[in-house]
Structure formats: structure tokens, C-alpha cells
Amino acid sequence: MPVKFPNFYPNSKFGSPSLFKHIAVLGAVSSAVVAALLYYTKYPKVLCAGKMVDAAVMEKLEAGFKKLQDASDCKSLLKKYLTKEVFDACKNRKTAMGATLLDIIQSGVENLDSGVGIYAPDAESYTLFKELFDPIIEDYHGGFKPTDKHPASDWGDLNTLVDLDPTGEFVVSTRVRCGRSLKGYPFNPCLTEAQYKEMEEKVSGILKSMEGDLKGTYHPLTGMSKDTQQQLIDDHFLFKEGDRFLQAANACRYWPTGRGIFHNDAKSFLVWVNEEDHLRIISMQKGADLKTIFGRLVRAVNTIESKMPFSRDDRVGYLTFCPTNLGTTIRASVHIALPKLAADKSKLDAIAAKFNLQVRGTRGEHTESEGGVYDISNKRRLGLTEYQAVKEMQDGILEMIKMEKSM
């Protein structure tokens with residue numbers, strides 16, 4: 001019986017069907033052995049850059065893709081861009097660190113109400129699975145095309161930033177944060193327990209050496225006392241084991257191993273270690289003195305980066321677990337009371353759209369406003385500088401306050 005030779009993934013070093021034909025003809029390998037190598041028919045093991053996507057993963061992928069296709073009410077970017085063509089192109093691929101398409105889409109498949117629906121298990125995923133990531137990045141980041149290139153870091157002139165609400169009438173608090181990934185490590189779904197511990201040791205050592213107004217204390221989640229835990233809860237610093245989106249993305253393995261929180265003595269500078277990203281670096285305080293808050297973040301990031309290499313791509317900037325946080329990774333936000341605009345949400349949404357801002361509830365993404373107080377931040381993080389991202393938030397908030405006063 002003649003052996004049928006399927007088309008292999010083109011990047012496979014074993015990818016040419018003719019290779020097997022020649023071997024069989026030469027008698028080096030019998031057709032029976034060749035057939036054994038190709039014994040999967042429905043879910044073949046496909047050789048890809050020295051890695052293999054096995055039948056169990058393929059079965060879950062096929063089931064997940066069908067679930068997405070059948071979900072007529074799903075509005076995620078994953079559903080929009082994971083076409084049959086893209087699915088077939090990507091389903092057999094595996095990164096050098098072991099990430100598959102399943103790692104990327106599993107949260108969006110489990111949570112059909114996701115806005116985006118994908119995460120990057122490691123840095124290579126952004127290029128190996130570009131057929132899916134590129135259109136989603138372009139859509140979310142306001143037209144950042146596959147041919148575009150993220151600019152070099154530029155923190156800008158701090159003197160052009162202002163106190164957004166000097167009278168304290170509207171802004172409750174202001175926060176600017178950024179995410180960072182350590183070069184050479186995968187992201188959450190592919191991290192081992194040993195890697196979590198190793199990263200925590202490296203990062204905590206650097207944080208403990210911070211000086212001046214950045215000097216503070218590192219609190220590992222492992223073995224944390226009840227008193228410390230309660231104090232961090234009272235300060236609204238303590239992050240919990242991931243929400244359902246992160247849980248479904250397999251981002252919470254070995255919890256709480258390798259996780260921790262650092263804060264300075266004034267509690268205005270904070271670093272989360274191995275929550276969603278390897279690092280979440282945060283500067284915050286009551287009121288709206290954006291110049292001081294952003295300046296503190298700049299000093300902290302530069303200090304850490306001088307001692308530790310971060311994962312950065314020439315095209316899309318700093319790499320993070322979620323593609324919404326690429327580029328600058330900057331999220332500059334305020335908690336702001338806008339009772340009149342809250343009563344006419346369409347006007348609030350119109351200003352937000354004009355200045356590329358995101359409006360959320362005060363408890364974060366997927367929550368509602370409480371008492372007319374919103375969490376409002378810059379939405380764009382890719383294709384512009386750090387300074388420009390913060391400036392967009394500043395200009396939009398000033399416009400909202402102006403309109404609130406006029407109503």
C-alpha cells in the first residue's frame with residue numbers, strides 16, 4: 001500500500017515530504033516506519049523547530065476554536081481575528097520555551113466576555129504567532145500596523161506636566177505604572193517554580209538596595225504574617241491570586257511562590273513581583289500632582305533597568321504578558337469624581353474617545369463606577385513615547401474637568 005505524505009509545517013527541519021520518499025526508495029527506512037512516524041491522521045504530531053504539538057493539545061485547540069465559532073454573542077478581538085486560516089497556520093507551532101496557540105487563547109476561550117482574549121506566554125510568541133497577534137495589536141493600539149515600529153523610550157520634559165486639579169475638587173488620586181519582563185524568562189504560563197523563585201531573588205535584591213525616597217521594604221507573599229497581610233490590604237497594596245481571566249490563562253501556577261510586594265517608606269512607590277507581569281512598577285499618591293508622580297516612576301524604572309536587562313522588541317517595544325500593555329507599557333490614571341458627566345455618560349465617552357482614554361470602574365477592569373467616581377487612563381501604549389502616553393491622559397482629564405465645571 002502506498003504511503004501518503006501530508007504537508008508538513010514549512011519551518012520544520014523535517015518539513016519536506018520528498019525527504020521521506022527518497023529515504024524509503026533508497027531502502028534506508030521502510031514505508032512501514034515512515035507510516036509509523038505519521039501515524040496520527042486527525043491530530044498528527046507535527047515537527048516544528050525541534051518541538052512537537054501533541055494530540056492532547058491539538059484536541060483542546062480544535063474544541064476551543066469550535067467554541068469560539070459557535071459563540072455568536074462573543075465580541076472579543078480573539079473571536080474577530082482567529083479565522084480558520086489563521087487557526088490552521090498557527091495551531092501546530094511551538095516556541096523554543098514550549099508555548100503553543102492553546103496557551104495564547106485559553107483565557108479568551110474560557111471567558112467569552114473578554115475584550116481581547118489572548119495573552120503571550122513568552123517573548124517569541126509575538127513573532128511566531130504573528131498572524132494572530134499583529135491584527136489584534138493593530139486593532140487595540142489605534143492602527144499600529146505590522147510595518148510600524150515603536151519609537152525609542154522618551155520620558156519627555158517633566159516640567160510640561162501639571163497638577164491636574166490643584167483645588168482638589170475632582171481628582172481623588174493619581175497613579176502611573178508600567179510593566180516589565182525580565183530578559184531570558186518566559187511569561188506566567190510557561191514559568192517553572194524554580195524560575196519564579198530565581199526571579200524573586202534577583203528582583204528583591206535590587207529593590208532592597210533602593211535609596212532616597214525610593215528606599216523601602218520587600219514583602220514576599222510566601223510566609224507573609226497575618227499582620228503584614230492585613231496592613232497591605234488596608235493600604236490597597238496586596239494583590240490577590242489572579243482574577244478569572246488570569247486564572248484561565250494559567251498565570252497563577254505555584255501561587256504564592258515567587259510573588260511579593262515592595263513599597264517605599266512613604267508608600268508612594270510600589271512594585272508587584274510576578275503578579276500578571278514579572279514586574280509592575282507603580283508611582284502614586286493622593287491628589288493630582290502628575291509631575292511629581294511621573295517623575296518618581298521615571299527615576300525608579302531607570303534605577304532598576306540599570307541593574308537588570310528587560311525584554312524588549314525593536315518593533316513593539318517592551319514585551320509583557322498582555323498585548324494591550326506593549327510598547328511603553330505606561331498606564332497613567334486618575335480616580336476622579338465627575339457626577340454631572342456620569343449622569344450623561346455619552347459625553348464622558350466622547351471625550352475619552354477623543355483623547356484615547358479608557359473609562360473603568362474604580363475597582364479596575366470589568367467593574368462599574370461607584371458614586372460617579374471613575375478610573376480613567378490612557379488607552380494607547382504602543383506607537384508613541386512614554387511622555388506622549390502620559391500627556392494624552394493629562395490633556396483628556398483637563399478637558400473632562402473643564403466640561404464638568406461648565407455643566
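We did not get these values from a lab; they are worked out from the coordinates using the rules stated. Only a predicted model underlies this, so the values are computations on that prediction, with no experimental measurement involved. We place every Cβ from the backbone using ideal geometry, glycine too, and count neighbours over all the protein chains shown.
Taking the Cα centre of each part, how many Å lie between the stretch 232-293 and the stretch 295-340?
Going from one Cα centre to the other spans 13 Å.
With θ taken as phi - 60° and the coefficients 6.51, -1.76 and 1.60, list the Karplus ³J(HN,Hα) couplings across the stretch 240-248 in order, rounded to whole Hz; mark glycine and proline as x.
With the stated coefficients, the stretch 240-248 comes to 9, 4, x, 5, 5, 5, 6, 4, 5 Hz.
Can you give the Kirkwood hydrodynamic radius of the stretch 219-299 from its Cα pairs, in Å with one decimal?
Working: mean 1/r = 0.0725 Å⁻¹.
Result for the stretch 219-299, one decimal place: 13.8 Å.
Counting other Cβ atoms within 10 Å of each Cβ, which GluC sites (Glu not before Pro) in the stretch 117-173 have at most 16 and sit in a DSSP loop? Intermediate results must be reported in sequence, preceding the final value.
Numbers: sites: E124, E131, E138, E169; in loops: E124, E169.
Taking the stretch 117-173 and a limit of 16 other Cβ atoms within 10 Å, the loop GluC sites (Glu not before Pro) found are E169.
If you average the sequence gap of Cα pairs under 8 Å that are 6 or more apart and divide by the length of the stretch 270-390, what percent do you get for the contact order?
22
What does the extension gain come out to for A343 and T228, with contour length at 0.36 nm per residue minus their alpha carbon separation? Can you show the working numbers first?
Details: separation 115, 0.36 × 115 = 41.40 nm, distance 4.01 nm.
Extra length from A343 to T228 when fully extended: 37.4 nm.
In whole Hz and in residue order, list the ³J(HN,Hα) couplings for the stretch 79-88 that follow from phi through the Karplus curve 6.51 cos²θ - 1.76 cosθ + 1.60, θ = phi - 60°; x for Gly and Pro.
3J(HN,Hα) across the stretch 79-88, in whole Hz: 4, 5, 10, 8, 6, 4, 5, 5, 4, 5.
First select every other residue whose beta carbon is under 10 angstrom from the beta carbon of Q285; then total the charges, Lys and Arg +1, Asp and Glu -1. Walk me through the numbers on the way to the answer.
Numbers: positive: R175, K267, K286, R296; negative: D289.
Here the charged neighbours net out to +3.
Normalised by the residues of the stretch 174-251, what does the relative contact order come to in percent, with Cα pairs under 8 Å and at least six apart?
Values: 21 pairs, mean separation 21.0, N = 78.
Reported relative contact order: 27 percent.
For K267 and K130, calculate 0.36 nm times their separation in residues minus their Cα-Cα distance, and state this gained length in nm to one decimal.
So the extension gain works out to 45.3 nm.
Looking at this model, which pairs from K84/K145; K66/K145; K84/K240 are more than 31 angstrom apart at the alpha-carbon? If you can, show how the numbers build up before the last one.
Details: K84/K145 22 Å; K66/K145 28 Å; K84/K240 37 Å.
Beyond 31 Å between Cα atoms: K84/K240.
When N is the residue count of the stretch 218-353, what does its C-alpha Rg come to as a fraction of 2.2 N^0.38 Å?
Details: Rg = 17.2 Å, N = 136, 2.2 N^0.38 = 14.2 Å.
Scaled against compact globular proteins, the figure is 1.21.
With everything on Cα atoms, drop me the angle between helix 345-354 and the longest principal axis of the chain, reported from 0 to 90° to the nearest 10.
Roughly 70 degrees between the two axes.
Considering all projection directions equally, how large on average is the shadow of the alpha-carbon convex hull of the stretch 294-407, in square nanometres? Present the calculation step by step, with values, prior to reporting the outcome.
Numbers: hull surface 31.5 nm².
Projected over every direction and averaged, the Cα hull of the stretch 294-407 covers 7.9 nm².
Mind giving me the FRET efficiency for E201 and K149? R0 is 35 Å, r the Cβ-Cβ distance, nearest 0.05 is fine.
Working: r = 35 Å, r/R0 = 1.00.
Here the calculated transfer efficiency is 0.50.
Given charges of +1 on the Cβ of Lys and Arg and -1 on the Cβ of Asp and Glu, with all other atoms neutral, how large is the dipole of the stretch 75-143 about its Cα centre, in debye to the nearest 20?
Values: 8 positive and 11 negative charges, 35 e Å.
That gives a dipole near 160 debye.
Return the long-range amide H neighbours of D165 (sequence gap of 5 or more, or a different chain), with a cut-off of under 5 Å between placed amide H atoms.
Here A288 satisfy the definition.
Given +1 on the Cβ of Lys and Arg, -1 on the Cβ of Asp and Glu, and no further charges, what dipole in debye does the chain carry about its Cα centre, rounded to the nearest 20?
Details: 54 positive and 52 negative charges, 215 e Å.
In debye, rounded to 20, the chain gives about 1040.
For the pair S72 and R253, how long in nm is the line joining their label points, each one 7 Å along Cα→Cβ?
Each label point is offset 7 Å from its Cα along the Cβ direction, giving 3.8 nm.
For the stretch 275-337, would you read off the P(r) tail past 15 Å as a percentage of all alpha carbon pairs?
On the way: 1144 of 1953 pairs.
Counting pairs separated by more than 15 Å, the tail of P(r) holds 59 percent.
Quick one: 3J(HN,Hα) in Hz for the stretch 294-310, Karplus 6.51/-1.76/1.60 with θ = phi - 60°, rounded, Gly and Pro as x.
Once θ is set to phi - 60°, the couplings for the stretch 294-310 become 5, x, 5, 4, 4, 5, 5, 4, 4, 5, 5, 5, 5, 10, 8, x, 9 Hz.
Looking at the stretch 48-141, I'd like the Rg to Rh ratio, where Rg is from alpha-carbon atoms and Rh is Kirkwood's inverse mean 1/r. Can you show the working numbers first?
Values: Rg = 12.3 Å, Rh = 13.2 Å.
My calculation of the ratio gives 0.94.
How are the alpha carbon pair distances in the chain distributed across 10 Å bins from zero to the largest one, expressed in percent?
P(r) over the chain, rounded to whole percents: 4, 20, 28, 24, 13, 6, 3, 1, 0.
Taking the C-alpha atoms of the stretch 96-203, how large are the radius of gyration and the largest Cα-Cα span, Dmax, in Å?
Final numbers for Rg and Dmax: 18.6, 54 Å.
Give me the Kirkwood hydrodynamic radius of the stretch 193-246, using the inverse of the mean 1/r over all pairs of distinct Cα atoms, in Å to one decimal.
Computed over Cα pairs of the stretch 193-246, the Kirkwood hydrodynamic radius comes out at 13.1 Å.
Pick out, from L207, M52, T217, the residue whose Cα sits farthest towards the positive end of the charge dipole of the chain, with +1 on the Cβ of Lys and Arg and -1 on the Cβ of Asp and Glu.
M52
May I ask you to derive the relative contact order of the chain, considering only C-alpha pairs under 8 Å and at least 6 residues apart, and to give it as an integer percent? Walk me through the numbers on the way to the answer.
On the way: 732 pairs, mean separation 68.8, N = 407.
Once divided by the residue count of the chain, the mean separation gives 17 percent.
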